[in-house]
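First up is the structure itself, then whatever we jot down about it.
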Amino acid sequence: MRPAGHTDDTAMLVAGRNYNGPSAITASGGWYDAGDHGKYVVHGGLALWILQNQYEHSLKSGRDAQFTDGKLNIPESENSISDLMDETKEKRIYYPPSTAATLNLAACAAQASRIWKDIDSRFSSTCLASAETAYAAAKKNPAVFAPYGQEQGSKTYGDNYVEDDFYWAACEMYVTTGKKEYLKDLKGYKGSLQMPVILTGELSGIAGSFDWCATGGLGTLTLALHKSAEFPEIVESIKKAADTFLAVQANEGYGIPLAESTNTSEFDGYIETATRYPWGSNGLVMNETIVMAYAYDLLKDSKYICFSCPQKNSNYPSVPPGFLVS
C-alpha cells in the first residue's frame with residue numbers, strides 16, 4: 001500500500017469557459033485515472049457504482065460478511081463500518097460540469113443514499129439531497145456536453161449522448177424514493193428495461209453492456225436487483241445479453257466474450273479507424289462478466305457462472321486451441 005497522494009489538493013477553475021463557478025474547490029480524496037493524476041466524474045461514477053452495487057448485491061445474497069470492518073487492507077479499517085463502504089465514501093484545475101457528469105452524481109448519490117440509510121442517516125440524507133439537486137439541474141440543462149478531443153494533459157472523455165445517463169439516474173432515483181416522476185422518466189427512455197449488447201458513445205459499435213460512456217445497462221441492473229418482480233421483462237433481457245456474450249465466447253480462441261470490432265477513435269486531433277480489441281478491453285470483458293453473474297442469479301443456470309469464471313483470468317489468457325508455443 002502506497003501513501004495517499006495529494007492529500008491537500010486544491011483545484012482552480014479553468015479560465016475561458018464562461019462558467020460562473022467557485023474560483024477554487026477542494027479536490028482531495030477520490031481516485032486517480034489509470035494514466036495520470038486526473039479525477040474524472042464519469043470514470044469515478046462507474047467505479048463507484050460497481051463498488052456500491054457489489055455491496056448491495058452482497059447484502060441481498062447474504063454474503064456481506066466478506067466486507068466487514070477489518071477484512072480489507074485499507075487505511076479506514078477498524079471504524080466499525082464495512083471496508084467496502086469505507087472505500088466508496090472517498091470519493092487541480094477543474095472544468096465546468098457537464099450533463100453527463102451531473103447525472104453520474106445523481107445516480108451514484110441516490111444509490112449511496114439507500115445504502116447508507118441504516119448506517120449513517122445524516123450522510124444518507126445529504127446524498128439524497130445532492131441526487132435530487134443534480135437530477136433537477138440535469139433536466140434543466142440537458143445538453144451541456146463535454147467535447148470530444150484533447151485537453152491539457154488528458155483526453156476530454158467527451159459524451160454528446162446522455163439519454164442513457166438520464167435513464168440510469170432515473171432508475172436509481174426511483175429505487176431509492178419510489179416517486180412516480182422517476183418511474184415515468186425511466187419508462188420514457190427508448191432502451192428502457194433492456195440490457196444493451198452494443199456500446200454507444202466513444203466505443204460505439206463495440207460489444208458490451210456498459211462502460212463509462214454508455215450507462216443504460218447500469219440502470220437495468222439496479223432494477224434487476226431491486227425491482228425484478230415489478231419489471232419481469234428485465235430478466236429476459238439480461239438472459240438475451242448473456243446468451244449473446246456466450247455465443248461470442250464460443251467462437252473466440254482465447255475463450256473471452258469479446259471479438260475484434262471496427263471502431264473509430266480520436267486522440268489529440270488524430271483520427272484512426274481500425275479493427276481491433278479496443279483500449280481498456282479487459283474492463284469491457286469484466287463488465288460483461290457482471291451481466292453474466294446477474295443472469296446466473298436470476299436464472300440459476302450454471303452455464304452463465306461457468307462462462308464467467310474464466311474471464312477473471314482474461315488478463316493472462318491461455319493459448320488458443322490449434323496454436324503451438326515454442
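The values are calculated or read from the model by the stated rules, or taken from the named source; none is laboratory data. Just so we're clear, the structure is a prediction, and the values are computed from it rather than from any experiment. Cβ placement follows ideal geometry from the backbone for every residue including glycine, while neighbour counts extend to all protein chains displayed.
The rows are residues; the columns are (1) in contact with a Phe, Trp or Tyr (Cβ under 7 Å, 6 or more places away or on another chain); (2) on the phi < 0 side of the Ramachandran plot; (3) at pLDDT below 95; (4) not basic (Lys, Arg).
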| residue | (1), (2), (3), (4) |
| --- | --- |
| 125 | no, yes, no, yes |
| 132 | no, yes, no, yes |
| 135 | no, yes, no, yes |
| 146 | yes, yes, yes, yes |
| 160 | yes, yes, yes, yes |
| 187 | no, yes, no, no |
| 192 | yes, yes, no, yes |
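Taking the stretch 168-203 as the search range and keeping residues that are crowded, with 21+ Cβ neighbours inside 10 Å and acidic (Asp, Glu), which one is farthest from residue 260 (Cα to Cα)?
172
List every residue pair whose Cβ atoms sit under 7 Å apart, with the two residues 6 or more apart in sequence or on different chains, where the first one lies in the stretch 249-261 and is farther than 13 Å from residue 292 by Cβ and the second, anywhere, is charged (D, E, K, R).
Sorted first by the residue in the stretch 249-261, then by its partner, the pairs are 259/252; 260/276.
Picking from 121, 113, 82, which residue would you name as being surrounded by 13 or more Cβ atoms within 10 Å (Cβ to Cβ) and either modelled with pLDDT of 95 or more or in contact with a Gly (Cβ under 9 Å, 6 or more places away or on another chain) (or both)?
Numbers: 121 fails: surrounded by 13 or more Cβ atoms within 10 Å (Cβ to Cβ); 82 fails: either modelled with pLDDT of 95 or more or in contact with a Gly (Cβ under 9 Å, 6 or more places away or on another chain) (or both).
Testing whether each residue is surrounded by 13 or more Cβ atoms within 10 Å (Cβ to Cβ) and either modelled with pLDDT of 95 or more or in contact with a Gly (Cβ under 9 Å, 6 or more places away or on another chain) (or both) leaves just 113.
Within the stretch 259-270, is even one residue hydroxyl-bearing (Ser, Thr, Tyr), farther than 24 Å from residue 108 by Cβ, more than 15 Å from the chain's Cα centre (by Cα) and part of a helix (DSSP H, G or I)? Write out each step before concluding.
As a first pass, look at the stretch 259-270 and keep what is hydroxyl-bearing (Ser, Thr, Tyr): 261-262, 264-265, 270.
Adding the requirement that they be farther than 24 Å from residue 108 by Cβ leaves 261-262, 264-265, 270.
Still in the list and also more than 15 Å from the chain's Cα centre (by Cα): 261-262, 264-265, 270.
From what's left, part of a helix (DSSP H, G or I): none.
No, the stretch 259-270 has no match at all.
Within the group 231, 245, 210, which residue is out of contact with any His (no Cβ under 7 Å at 6 or more places or on another chain) and not in a loop (DSSP other than H, G, I, E, B)?
Details: 231 fails: not in a loop (DSSP other than H, G, I, E, B); 210 fails: not in a loop (DSSP other than H, G, I, E, B).
Going through 231, 245, 210 in turn, just one is out of contact with any His (no Cβ under 7 Å at 6 or more places or on another chain) and not in a loop (DSSP other than H, G, I, E, B): 245.
Looking at (1) buried (at least 17 other Cβ atoms within 10 Å of the Cβ); (2) modelled with pLDDT under 90, which is the only condition residue 101 fails?
So the condition that residue 101 fails would be (2).
Would you pick out the residues in the stretch 85-98 that are within 19 Å of residue 215 (Cβ to Cβ) and at pLDDT below 85?
Initial filter on the stretch 85-98 (within 19 Å of residue 215 (Cβ to Cβ)): 88, 91, 97-98.
Those that are within 19 Å of residue 215 (Cβ to Cβ) and at pLDDT below 85: 88, 91.
Within the stretch 280-298, can one find any residue that is modelled with pLDDT of 90 or more and more than 25 Å from residue 215 (Cβ to Cβ)?
Scanning the stretch 280-298, I find no residue that is modelled with pLDDT of 90 or more and more than 25 Å from residue 215 (Cβ to Cβ), so the answer is no.
Quick check on residue 185: is it among the acidic types (Asp, Glu), closer than 26 Å to residue 280 by Cα and not in a loop (DSSP other than H, G, I, E, B)?
Taking the combined requirement at face value, the residue does not satisfy it.
Scanning for something touching a helix residue (DSSP H, G or I) at 6+ places or on another chain (Cβ under 8 Å), farther than 24 Å from residue 159 by Cβ and modelled with pLDDT of 75 or more, does the stretch 21-36 turn up at least one residue?
Going through the stretch 21-36, the residues touching a helix residue (DSSP H, G or I) at 6+ places or on another chain (Cβ under 8 Å) turn out to be 30-31, 33.
When the remaining residues are screened for being farther than 24 Å from residue 159 by Cβ, the result is none.
No, there is no match, as no residue in the stretch 21-36 is touching a helix residue (DSSP H, G or I) at 6+ places or on another chain (Cβ under 8 Å), farther than 24 Å from residue 159 by Cβ and modelled with pLDDT of 75 or more.
Can you tell me which residues in the stretch 26-80 are hydrophobic (A, V, I, L, M, F, W, C) and in a loop (DSSP other than H, G, I, E, B)? Talk me through it step by step, then tell me what you get.
Of the residues in the stretch 26-80, the ones hydrophobic (A, V, I, L, M, F, W, C) are 27, 31, 34, 41-42, 46-51, 59, 65, 67, 72, 74.
27, 31, 34, 72, 74 - these are the residues of the stretch 26-80 that are hydrophobic (A, V, I, L, M, F, W, C) and in a loop (DSSP other than H, G, I, E, B).
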